[in-house]
Amino acid sequence: MPVIDAHSHPVPRGWPDLAEVTGSPGPWPSLRLESEREAMIVIGDRDFRRITDQCWDPEVRAADMDADGVDIQVVSPTPVFFSYAQSPEAAAKVSRIFNDLTLEICAPLPDRLLPFCQVPLQDVDAACAELDRCLEAGHRGVEIGNHVGDRDLDDPGTVEFLQHCAARGAPVFVHPWDMPISPRLDRWMAQWIVGMPAETHLSIIAMILGGVFDRVSDDLRICFAHGGGSFAFWLGRFENAWHMRHDIIGTSEQPPSAYLDRFSVDSVVLDERALRLLVDTMGAERVLMGSDYPYPIGERPAGRVVRDADFLSERDRSLILGGNAERFLALSPATEASP
Ligand code: CO
């Protein structure tokens, strides 16, 4: 069974001036090459993140995958390119540019690098159209941000898009992004280490209490990044509140714990105790190995905690390292009905 990393990102080595392409002032991301192997992602005029050729060179990725014992990577957009705050037309153009560049990055290794596309999620028709175009072009699924401004995953447009993904058999990876800006979160990478897990937690709650799992087809294969954020740790509090304050949050047909078989999470929690909680809560069939490669707070070697976890049976370890992702990606005939 192949070892599959379900959570990695690319950044192309360059792209057109997005203000020019879209006719909108942005702020837009651009890339400042600093050497053959290093570059800076710049948002507007602010340095955002230093990256290396791991982001754009498939041979460099492949060498790292070999070193880590990874056969296949899912290559999903870096969220800073989503452009959900821009006009749908501008976001559609930007999505098309990055989706096509990601195909180019993955093309030399078609059996090892599986591209996921981004879509202009602020406009459901444009999002469905870009997904369809990308699936035709070779993308294997889609990554979406966990919210569009103040609209969460239970937004009617987003639900319609998710239904479209289910109908097309396209797996959906949900990545937190666009964390709240506050002086309290602007220190110590708090947006990443506190904001991101809270964002993902809220998104899963929105799927449940917003009745999305009650409405959308159970063919939907959906996976949340970073172990589903804070969700698993606080499921008991959520479940208790659903029963005790049913007048306020009893908006789903069933209690929260009844929906755990409707979604998966990745394994990027970087701690064996957290992985054990995830496996105990979600079941070993619902955890997919991921690394967040090549970003610095991801896991290297990819899958380290899963491989080292003493509590996992060999069957469960094998499912998390690859079997579950095979099902999520529909790489082999599905033997189970749900994701
Ligand atoms: Co990521």
For residues that are out of contact with any strand residue (DSSP E or B) (no Cβ under 6 Å at 6 or more places or on another chain) and away from the ligand (no atom under 13 Å from the Cβ), tally how many sit in segment 66-80.
-> 5
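Go through A166, A126 for me and flag whichever is closer than 22 Å to I208 by Cα, of a type in the set (A, V, I, L, M, F, W, C) and part of a helix (DSSP H, G or I). Quick ask: steps written out before the conclusion?
On the way: A126 fails: closer than 22 Å to I208 by Cα.
Exactly one residue qualifies, and that residue is A166.
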Residues within segment 1-36 that are within 16 Å of the ligand (Cβ to nearest atom) and within 19 Å of S87 (Cβ to Cβ), tallied | 1
Inside segment 229-339, counting only helices (runs of 4 or more DSSP H) that do not spill past its ends, which hold 1 or more residues that are basic (K, R) and away from the ligand (no atom under 16 Å from the Cβ)?
-> 235-244, 272-282, 304-308, 314-318, 324-328
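For the subset of segment 37-57 comprising residues that are assigned to a loop (DSSP other than H, G, I, E, B) and away from the ligand (no atom under 16 Å from the Cβ), which member is surrounded by the most Cβ atoms within 10 Å (Cβ to Cβ)? Can you show your working first?
Of all residues in segment 37-57, those assigned to a loop (DSSP other than H, G, I, E, B) come to 37, 44-45, 53-57.
With the extra rule that they be away from the ligand (no atom under 16 Å from the Cβ), the set shrinks to 37, 44-45, 53, 56-57.
Details: R37: 13, G44: 12, D45: 7, D53: 18, W56: 21, D57: 17.
Residue satisfying both the conditions and the ranking: W56.
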Identify, by number, the condition in (1) assigned to a loop (DSSP other than H, G, I, E, B); (2) surrounded by fewer than 18 Cβ atoms within 10 Å (Cβ to Cβ); (3) at pLDDT 95 or above that D186 doesn't meet.
-> (3)
Across segment 55-103, what is the number of residues that are within 19 Å of the chain's Cα centre (by Cα) and on the phi > 0 side of the Ramachandran plot?
-> 1
Out of (1) buried (at least 20 other Cβ atoms within 10 Å of the Cβ); (2) within 22 Å of V174 (Cβ to Cβ), the odd one out for S257 is which?
-> (1)
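The values are calculated or read from the model by the stated rules, or taken from the named source; none is laboratory data. Remember, predicted model here, so these are calculated numbers, not experimental data. Here the Cβ is made from the backbone with ideal geometry for all residues, glycine too, and neighbour counts use every protein chain on show.
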